[in-house]
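Beneath this line is the structure, given in structure tokens, with notes to follow.
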Amino acid sequence: MHAGTSEQNQFDGPREIHYFDCVQYTEQKGRMDVSGRGVERVLDMIEWFAASPEGASLSEIAAALAMPKSSALLMLQSLTERGYIHRLGSGEYQLLRLPGEISPDGRNYGALIALVSPYLADAVQQSGETGFVAVLEGPSIRYLNKVLPKREILYDRDIGPTRPAHKVASGVVLLAAGSDAEIEAYAVSASLSEAERSKLLDAVESARKSGFYVNPMGIVEGAAGAAAPIMGANGKAIAALNISGPQVRFVKNSDRISEVVRETAVTISEELARRSRRLSKGR
């Protein structure tokens with residue numbers, strides 16, 4: 001929990017902090033320079049792929065764009081890492097998504113945050129508690145951003161560190177969106193005790209029935225939260241929306257907050273589906 005100071009309360013609306021604010025970026029040897037003309041060439045390549053969705057080899061791409069193979073390869077590697085294209089078994093490269101389109105696994109966090117942020121801010125406004133967007137990375141939950149409510153007593157936490165998935169509401173709903181086999185595999189990999197495994201299975205069952213999960217006693221002492229899955233256009237969970245607050249206040253209003261969480265996650269999921277259809281028609 002966090003008691004805001006007078007300085008911290010001098011803002012017009014919810015405050016938003018991104019995962020990217022907590023990460024230091026370093027230049028890596030061999031990565032392409034996308035300043036100036038490089039940016040134009042990257043856009044040229046994306047546009048070319050949009051007009052040639054069937055895929056092409058490195059030689060064909062370099063020839064079509066009139067660039068050296070070495071330059072084309074660096075661009076292809078970067079676009080592959082960002083989830084815009086992928087390399088087929090034949091060695092050819094094929095378009096996966098266009099800029100602004102959410103990738104099937106939701107790993108293009110910048111686009112995901114941009115799309116979700118206004119909905120998250122609205123959920124924070126409605127609930128009066130702190131909002132988060134989280135993703136499942138292996139056995140852990142990573143928080144991509146947070147929005148703080150405009151009130152003196154609030155819940156806050158560092159979104160840099162990851163959390164074990166079974167210990168937080170966001171992790172429970174994302175695990176619940178997977179198969180029973182995946183949940184069992186998680187229990188084994190996380191070395192859960194029989195009691196912890198049983199508790200997780202009960203939580204998963206609750207999340208599947210209601211479409212959200214309330215954790216009345218969070219990993220941080222004195223906190224509680226609720227989460228619901230955000231579904232991608234392919235019907236798979238790509239993230240979770242979480243609202244958390246001081247335990248006593250949250251539990252008192254848990255029914256209302258849970259409904260805000262569930263409805264907001266459904267609205268975001270519907271927008272993702274509409275966005276995917278619009279972008280697909282535009283190709």
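The values are calculated or read from the model by the stated rules, or taken from the named source; none is laboratory data. Values in this document were obtained by computation on a predicted structure and should not be read as measured data. As a convention, Cβ positions derive from the backbone with ideal geometry for all residues, glycine included, and neighbour counts pool all protein chains shown. Keep in mind that these areas ignore ligands, DNA and RNA; they rest on the heavy atoms of the full protein, side chains included. Shrake-Rupley method; radii C 1.70, N 1.55, O 1.52, S 1.80 Å.
With the full set of protein chains in place, find how many percent of the accessible area of the stretch 127-283 is carbon and sulfur; take the probe as 1.4 Å. Present the calculation step by step, with values, prior to reporting the outcome.
Numbers: 3690 of 7080 Å².
So the carbon and sulfur contribution to the accessible surface is 52 percent.
Counting pairs of alpha carbon atoms under 8 Å apart in space and at least six apart in sequence, what relative contact order in percent does the stretch 84-184 give? It would help to have the intermediate numbers written out before the result.
Numbers: 121 pairs, mean separation 16.0, N = 101.
It comes to 16 percent, rounded to a whole number.
Given the options Ala62, Val173, Leu148, identify the residue whose Cα lies farthest towards the positive end of the charge dipole of the stretch 37-174 (+1 on Cβ of Lys, Arg; -1 on Cβ of Asp, Glu).
Most positive-ward Cα: Leu148.
Using a 10 Å cut-off on Cβ atoms, rank the peptides 80-93, 205-218, 227-240 from the highest mean neighbour count down.
Numbers: 80-93: 14.7, 205-218: 17.6, 227-240: 22.6.
Listed from highest to lowest mean packing, they are 227-240, 205-218, 80-93.
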